[in-house]
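Only the coordinates and a few stated rules stand behind these numbers; no lab work does. Small disclaimer: the values here were computed from a predicted structure and weren't measured. FYI the Cβ positions are ideal-geometry reconstructions off the backbone, even for glycines, and counts take in every protein chain you see.
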Amino acid sequence: MSRRRVQPLVWLAFSAGGVAAAVLLPSLALLFGLAFPLGWLDPPDHQHLLAVVGHPVTFVVLLGTFVLLLVHSAHRFRYTLYDGLQIKKKRTVAVLCYGAAVVGSGATLAVLWAAA
Amino acid sequence: MADSIRLRVSRYRPDTDPEPHWQEYDVPLRKEWTVLDGLNHVKNEVDTTLSFRWSCRMGICGSCGMNVDGEPRLTCATFLSDHAPGPVTVEPLANFPVVRDLVVDLSDFMAKLPRVKPWIIHPDDHRTVEPDVEYLQTPEQLDAYKQFSMCINCMLCYAACPVYGLDPEFIGPAAIALAERYDLDSRDRGERERLDVLVEHDGVYGCTFVGECTRVCPKHVDPAAAIQRYKLKAAMETVKAFLLPRGAR
């Protein structure tokens, strides 16, 4: 490969985000949506969760995961608009989708920073 | 079981017909008859003007692919009784220009196929191995690529692929599966050359992993997996290109 390309890297982030979404989200939904509210498991208390979120390693892991999830959603939504809805304004769609992912990543950073 | 079934066949002659139209034929419904047998009955006994491709009648040659009831199928392996009571619609393979009736123009694929260099590339071939000596492989080395070598170029995967339907520039499932077949061959050294072709904008990243190619393949090749493997291979090479100095790659 003579030229450096961006597309393989975007795909790698998309792919990693897909794995994260498939593995992490169902377990989080199970824990915080069913297991804790229905009392199957004892929920961690607020102080404990805040301490976990405030740890630098958690900060990096959560930020990385959310950025990948956002890239994944942006990429998938972009192709849904291209192929599913047959929208022809490709550049606009790409800018809007990936732009939303960038804004979301910024928001993630702000939320995590506030918790840390 | 009724003794006949109706075929609803797409007829089209681009030079005289403004657009394709349907023509219906009743053919004998026999347990062992395939859609291709029905079409041959029409051709031999009813209407000699009907055009379609076929050759081996046993799923080897890959020439009798058509859309049967909307689904890309080898007509020699599609039994009429499975589509009873009918009518059974028979159309040319989707996503290809029609030459006449059920015959499609494959020149697009024929131009794309050599681009992925589907042959063994080995710079030392005639220095390390005499041309008339067998190049031995272990059963494990054969198994590595055997699945992908089963492709018969029947084009069902192209007819099923929505990406190819939307963007005819996309190099397509069978070509990529064949590239993977040679990449995985222990005798081959052409991986880099193929990757250079497949990483282009009309290459593997055109695929959105719908997976229809794998579902319709009559030879149980898995083109969707080949494409995913290529995406990962290309991504890893790109990461290496970013991280490593030129000499270490």
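Only one residue of A:V57, B:L36, B:V133 has its Cα farthest out toward the positive end of the dipole of the protein assembly as shown, where Lys and Arg carry +1 and Asp and Glu -1 on Cβ, and that residue is A:V57. Averaged over the residues of A:8-15, the number of partner chain Cβ atoms lying within 10 Å of the residue Cβ comes to 5. Quick one: grab the alpha carbon gyration tensor of the range B:167-221, order the square roots of its eigenvalues as a ≥ b ≥ c, and give me rounded if a/c is under 1.5, else prolate or oblate depending on whether a/b is larger than b/c. It is oblate, given that a/c is not under 1.5 and a/b is not larger than b/c. When only Cα pairs below 8 angstrom with a gap of at least 6 residues are kept, chain A shows a relative contact order of 35 percent.
Computed across the range B:118-208, the Kirkwood hydrodynamic radius from all distinct Cα-Cα pairs reaches 14.6 Å. Round to a whole angstrom and tell me the spacing of the C-alpha centers of the range B:161-217 and the range A:32-73. With the range B:161-217 and the range A:32-73 each reduced to a Cα centre, they are spaced 39 Å. Mean residue ellipticity, 222 nm, helices only, the protein assembly as shown: the sum of -39500 (n - 2.57) across DSSP H runs of n ≥ 4, divided by residue count and rounded to 500, is -14000 deg cm²/dmol. Across the alpha-carbon set of the range B:4-104, the Rg to Rh ratio works out to 0.93, Rh being the Kirkwood radius. Here is the list for the range B:1-57: GluC sites (Glu not before Pro) lying in DSSP coil, each with at most 14 other C-beta atoms within 10 angstrom of its C-beta, are B:E32.
With the cut-off at 1.5 for a/c, could you classify chain A from its C-alpha gyration tensor as rounded, prolate or oblate? Because a/c hits 1.5 or more and a/b exceeds b/c, chain A counts as prolate.
According to the calculation over all Cα-Cα pairs in the protein assembly as shown, the P(r) per 10 Å bin from zero is 5, 17, 23, 20, 17, 11, 5, 1, 0 %. Of all the Cα-Cα pairs you can form in chain B, what percent are over 33 Å apart? When all Cα pairs of chain B are counted, 31 percent exceed 33 Å. When you filter the trypsin sites (Lys or Arg not before Pro) in the range A:47-111 for DSSP loop state and at most 10 other Cβ atoms inside 10 Å of their Cβ, you are left with A:K88. Straight-line reach from B:K240: taking Cα to Cα under 30 Å and skipping same-chain neighbours fewer than 8 places apart, the lysines in range are A:K90, B:K112, B:K117, B:K146, B:K231.
Helix B:139-149 and the longest principal axis of the Cα set of chain B meet at an angle near 50°. Take the Cα of B:D82, step 7 Å along the line toward its Cβ, and report every residue of the range B:156-183 whose backbone nitrogen sits under 19 Å from that point. Backbone N within reach: B:156-161. Its alpha carbons considered, the range B:66-182 gives a radius of gyration followed by a Dmax of 18.5, 62 Å. Length, then width, then depth: along the principal axes, the Cα atoms of the range A:2-49 run 57, 21, 9 Å. Extension gain for A:V57 to A:L30 (0.36 nm times residue separation, less C-alpha to C-alpha distance): 7.4 nm.
With both labels modelled 7 Å from their Cα along Cα-to-Cβ, the B:K43 to B:L232 distance reads 4.3 nm. The chymotrypsin sites (Phe, Trp or Tyr not before Pro) of the range A:6-108 that DSSP puts in a loop, and whose beta carbon has at most 16 other beta carbons within 10 Å, are A:W40. Across chain B, the mean sequence separation of Cα contacts (distance under 8 Å, 6 or more residues apart), normalised by length, yields a relative contact order of 17 percent.
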